[in-house]
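*Asks:* Sharing a structure with you now.
The values are calculated or read from the model by the stated rules, or taken from the named source; none is laboratory data. Values in this document were obtained by computation on a predicted structure and should not be read as measured data. Because the Cβ atoms are built from the backbone with ideal geometry, glycine has one as well, and the counts that use them run over all protein chains shown.
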Amino acid sequence: MPYSFNFDLSSLPKSFFSEIIRASHKARIHRKLTSTARRIVKLFKLEEITGLDLEKAISLVEDLIEIFMLNEMNRGRFEGVRRKALFLPHCSRKYMDSRCRAEFREDLSTYVCGKCSDDCLIRRASELAEERGYDVYVVPGGSCIPKIIEKMNYEAVVGVACGMELLLAYRYLKDFPAQGVPLMRNGCSRTIFDLESLENSLL
């Protein structure tokens, strides 16, 4: 289930994500998510930049901190396996119409990137992951992911989605080794994630 509001963090400085990572380290020890999230919201002026009210901005930052905290906790087990998959959201495609050359595979409920646009985020992410030996799935929703994992016998996954969906996936997958990359801009199309963050998650 996605957020009930839209956000765009793409104009924030890189230091924002560095601060989120630092906060995730501290949160593992102190568990003071709300006060830490409030401080980050004020420090980076998230209300002004995103147009979100204080409560929504804090909720969003809390989710980001928790995701990075879970990533860190899962990192050791994640690094120790070889058969991995990357799940990307189809809404990050450059085109959501016939200009997109991706083919849909009904047996796995996934799009296969047609590599039609050099500047398409999905193409760039797919190539990055494939170079590292990952199978890549561009999915229309999270419900098909457990079936793909089971059918293809994956040992670990990297998922790109909005923070709320990543946390739901973490809870559903429980002890399964995973890494989550949160969207920087959500919505129904042209969603954005950070390629550098993705690259750091692909081992």
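*Asks:* Exactly one of these conditions fails for ASN6: (1) in contact (Cβ under 8 Å) with a residue 12 or more places away in the chain; (2) outside any loop (DSSP other than H, G, I, E, B). Give me its number.
*Replies:* Of the numbered conditions (1) in contact (Cβ under 8 Å) with a residue 12 or more places away in the chain; (2) outside any loop (DSSP other than H, G, I, E, B), the odd one out for ASN6 is (2).
*Asks:* Then there is this: Among the residues of the stretch 51-71, which ones are free of Cβ contacts under 8 Å to residues at least 40 places away in the same chain and out of contact with any Lys or Arg (no Cβ under 6 Å at 6 or more places or on another chain)?
*Replies:* Once the filter is applied, which keeps residues that are free of Cβ contacts under 8 Å to residues at least 40 places away in the same chain and out of contact with any Lys or Arg (no Cβ under 6 Å at 6 or more places or on another chain), the stretch 51-71 yields GLY51, ASP53, LEU54, GLU55, ALA57, SER59, GLU62.
*Asks:* In this structure, is PHE104 touching a strand residue (DSSP E or B) at 6+ places or on another chain (Cβ under 9 Å), free of Cβ contacts under 8 Å to residues at least 24 places away in the same chain and over 30 Å from GLY51 (Cβ atoms)? Full working, then the answer.
*Replies:* Details: touching a strand residue (DSSP E or B) at 6+ places or on another chain (Cβ under 9 Å): yes; free of Cβ contacts under 8 Å to residues at least 24 places away in the same chain: yes; over 30 Å from GLY51 (Cβ atoms): yes.
Yes: the conditions hold for PHE104.
*Asks:* Every residue in the stretch 91-100 that is buried (at least 16 other Cβ atoms within 10 Å of the Cβ) and either closer than 13 Å to CYS144 by Cα or without any contact (Cβ under 8 Å) to a residue 24 or more places away in the chain (or both), please.
*Replies:* CYS100 - this is the single residue of the stretch 91-100 that is buried (at least 16 other Cβ atoms within 10 Å of the Cβ) and either closer than 13 Å to CYS144 by Cα or without any contact (Cβ under 8 Å) to a residue 24 or more places away in the chain (or both).
*Asks:* If you don't mind, there's one more thing I want to ask. With the checklist (1) surrounded by fewer than 19 Cβ atoms within 10 Å (Cβ to Cβ); (2) in contact with a strand residue (DSSP E or B) (Cβ under 7 Å, 6 or more places away or on another chain); (3) of a type in the set (Gly, Ala, Ser) in hand, flag the one item GLY76 doesn't pass.
*Replies:* (2)
*Asks:* Now, a different point. Return the pairs, sorted by first residue and then second, in which the second residue is charged (D, E, K, R) and at pLDDT below 85, the first residue lies in the stretch 11-40 and is closer than 22 Å to ASP53 by Cβ, the beta carbons are less than 8 Å apart, and the residues are 6+ apart or on different chains.
*Replies:* What qualifies is LYS32/LYS26; THR36/LYS26.
*Asks:* What do you reckon, is GLU48 farther than 18 Å from ARG171 by Cα, without any contact (Cβ under 8 Å) to a residue 12 or more places away in the chain, part of a helix (DSSP H, G or I) and among the charged types (D, E, K, R)?
*Replies:* Yes: the conditions hold for GLU48.
*Asks:* Let me ask something else. Considering only the stretch 148-203, how many residues are in a loop (DSSP other than H, G, I, E, B) and among the aromatic types (Phe, Trp, Tyr)?
*Replies:* 3
*Asks:* While we're on this one: So which residues in the stretch 146-167 are within 30 Å of SER11 (Cβ to Cβ) and either exposed (fewer than 15 other Cβ atoms within 10 Å of the Cβ) or β-branched (Val, Ile, Thr) (or both), if there are any at all?
*Replies:* Correct list: VAL157, VAL158, VAL160.
*Asks:* Among what's in the stretch 52-87 and is part of a strand (DSSP E or B) and touching a helix residue (DSSP H, G or I) at 6+ places or on another chain (Cβ under 6 Å), pick the residue that is farthest from ALA156 (Cα to Cα).
*Replies:* Out of the qualifying residues, it is PHE87.
*Asks:* Related question: If the requirement is being crowded, with 18+ Cβ neighbours inside 10 Å and out of contact with any strand residue (DSSP E or B) (no Cβ under 6 Å at 6 or more places or on another chain), which of these qualifies: ASP194, ASP118? I'd like the intermediate steps shown before the answer.
*Replies:* Values: ASP118 fails: crowded, with 18+ Cβ neighbours inside 10 Å.
Every option except ASP194 fails the conditions.
Residues checked against (1) farther than 27 Å from TYR137 by Cα; (2) of a type in the set (Asp, Glu); (3) at pLDDT below 95:
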position: SER4; (1), (2), (3): no, no, yes
position: PRO13; (1), (2), (3): yes, no, yes
position: PHE17; (1), (2), (3): no, no, yes
position: SER24; (1), (2), (3): yes, no, yes
position: LYS45; (1), (2), (3): yes, no, no
position: ILE65; (1), (2), (3): no, no, yes
position: GLY76; (1), (2), (3): no, no, yes
position: GLY80; (1), (2), (3): no, no, yes
position: PHE87; (1), (2), (3): no, no, no
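*Asks:* Go through (1) under 18 Å from the mean Cα position of the chain (by Cα); (2) over 29 Å from LEU46 (Cα atoms) and name the single condition GLU62 misses.
*Replies:* (2)
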